[in-house]
Amino acid sequence: MKKIGISLLTAFVGGAVAIGGYKVFENKQMNKMSFEEQQKVFYANNPGAEVMASTGNPDFTQAAAAVSPGVVHIKVTMTARGSQRGGGGSGSPFDMFEEFFGMPQQRRAEPRQAQASGSGVLISQDGYIVTNNHVVEDADKIEVQLTDKRTFEAKVIGRDPDFDLALLKVSGSNLPFVRFGNSDNVQIGEWVLAVGYPLSLQSTVTAGIVSAKGRQIGILGEQNQRAPYGYGQSQEPIVNTAIESFIQTDAVINKGNSGGALVNARGELIGINAAIASPTGVYAGYGFAIPVNLVKKIMDDFKEFGAVQRGYIGVTFNEINEAVRKEYNIDDVNGLFVQDVVKDGAAASAGLKKGDVITKIEGNVIYSSSDLQERVARLRPGDKVKIAYKREGKEREATITLKAQEAKKTAAEEANSKSATEIFNKLGASFTPASDAQKKKFGVSSGVVITQVHRGGMFEYFGVEKGLIVTHVNGKPVNNVDEVESALGSTKRNIVRIKGTSEEGTVEFNFPIEY
């Protein structure tokens, strides 16, 4: 009997060790997965979490119950130093930012503290949140509140005005999140729900239908034009790098819905609400959401690299319309007329020339510029894309290897309190863990690589460049973003001490942090 007891105990201990080892392995594997892959693992292990689409008369109770806990209220505190956007406005029916999503409509010349709010969507159990860039771009402090009233302080992992998207992170575990859907499968006329925090109300759900896809409304492009690949000379074509391919819906959204969820009847996230068409700043018929298939790629980029990894075709073009057809004697009704090709760009390398007409991408007919831009925006430099084009009436095909653009600066603005998260935001940088090869090369045992230096932060002010490996913060070794934030919690005398290494040797910085 004693031997049996010993055998059972041995088996129990061995099983526990095996399970513990598996859990460690599983956690490491999860950290390497994209957000979508992590969600698939969760739902494979929890089949009861599936939400069935309603049939017959619309009934969204299951979808609303499943989604609402994962949509959060974002409250930001900022320092307003006077408006640079002008007070009168353009009178455009497409109101966003200040007029739509609760940002202050007037700013005094003297610095002052101001508050604003928006919405966000949890996309992972460990606290990653997607929202709009314009919700957090001026934030000194970001507070996130869940439907169960739990409150967290958030840090900016990455943001980009060209996509009007941002990724935030809060410290938490087993948090509710919203399941990704497939925006390519969204159909015009399909029932959808908008979930968010409009007009400073608590979690609110509204319903409508999809009324259009691939909609461009011109709210991003006017503000974000630049030359591709860093070219600024007049001989190079200037392209609009902003991406607009909105899902248009008549689900009611208002100020504060920005960054909230657009979901289908199964409770799957198909878009992030971003704007409304309104002559007054309140709902007047149509809302616009960023497709989730684009959102997924941008969020993975933010998490892995701290900035969007964009591949460019390297052309400027016009959508084909009657005027373009007559001017250039084109027979095609659909497609994009190539106005110019960037020298040494991806399209030039693939043989495209000025005057070609791009007709298809990956076998799909191009009806508008958004059909090409959104598809390409889901890819990274080095990825290949197949296009069809016409030259002198003959159909041709080309496989284009996308090229990178010079990295753009994003921003997580300086903070005004002593919390570690706010100091993190004030430093103004994005980090990724240094690889074993990088550590070995520089002879260090710890380190995070600066992947982006944000505009207006302390790193930019003191000339700290991306690529530097930060090995210690306030004397503590750091290997990931969470360890950087934890080390910032030990800041003393308002001085942040940074130690790093690069090709030029070891460097140390002492940053004064004002409160």
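Near Val192, the amide H atoms lying under 5 Å from its own belong to Gly208, Ile209, Val210; only residues 5 or more places off or on other chains count, and H is placed 1.01 Å from N.
Amide H contacts under 5 Å for Leu352: none, restricted to partners 5 or more places along the chain or on a different chain, H placed in the peptide plane at 1.01 Å from N. Split the accessible area of the range 106-215 by element, probe 1.4 Å, and carbon with sulfur accounts for 46%. Between Asn45 and Asn364, the C-beta separation translates, for a Förster distance of 25 Å, into a calculated FRET efficiency of about 0.15.
Taking θ as phi - 60° and the Karplus parameters 6.51, -1.76 and 1.60, the scalar couplings of the range 120-128 work out to x, 10, 5, 10, 8, 5, 9, x, 7 Hz in sequence order, x denoting glycine and proline.
What the pair-distance distribution of the range 444-515 shows, using all Cα-Cα distances binned every 5 Å from zero, is 3, 17, 28, 30, 17, 4, 0 percent. Look at where the Cα atoms of the range 422-484 and of the range 317-361 average out, and the two centres are 43 Å apart.
Converting phi to 3J(HN,Hα) with the Karplus coefficients 6.51, -1.76 and 1.60 and the offset θ = phi - 60°, the range 463-473 yields x, 6, 9, 5, x, 5, 8, 7, 9, 9, 10 Hz in sequence order, with x at every glycine or proline.
Along the range 140-155 the Karplus relation, 6.51 cos²θ - 1.76 cosθ + 1.60 evaluated at θ = phi - 60°, assigns HN-Hα couplings of 8, 9, 10, 10, 10, 10, 8, 5, 8, 6, 5, 10, 10, 8, 10, 10 Hz to successive residues, with x for each Gly and Pro.
Remark on Gly127: its backbone amide H falls under 5 Å from those of Leu175, a criterion applied only to residues 5 or more positions apart or on other chains, H modelled at 1.01 Å from N.
The values are calculated or read from the model by the stated rules, or taken from the named source; none is laboratory data. For clarity, every value in this text was computed on a predicted model and none was experimentally measured. Because the Cβ atoms are built from the backbone with ideal geometry, glycine has one as well, and the counts that use them run over all protein chains shown. Note: accessible area is taken over every heavy atom of the protein model, side chains too, but ligands, DNA and RNA are not part of it. Shrake-Rupley method; radii C 1.70, N 1.55, O 1.52, S 1.80 Å.
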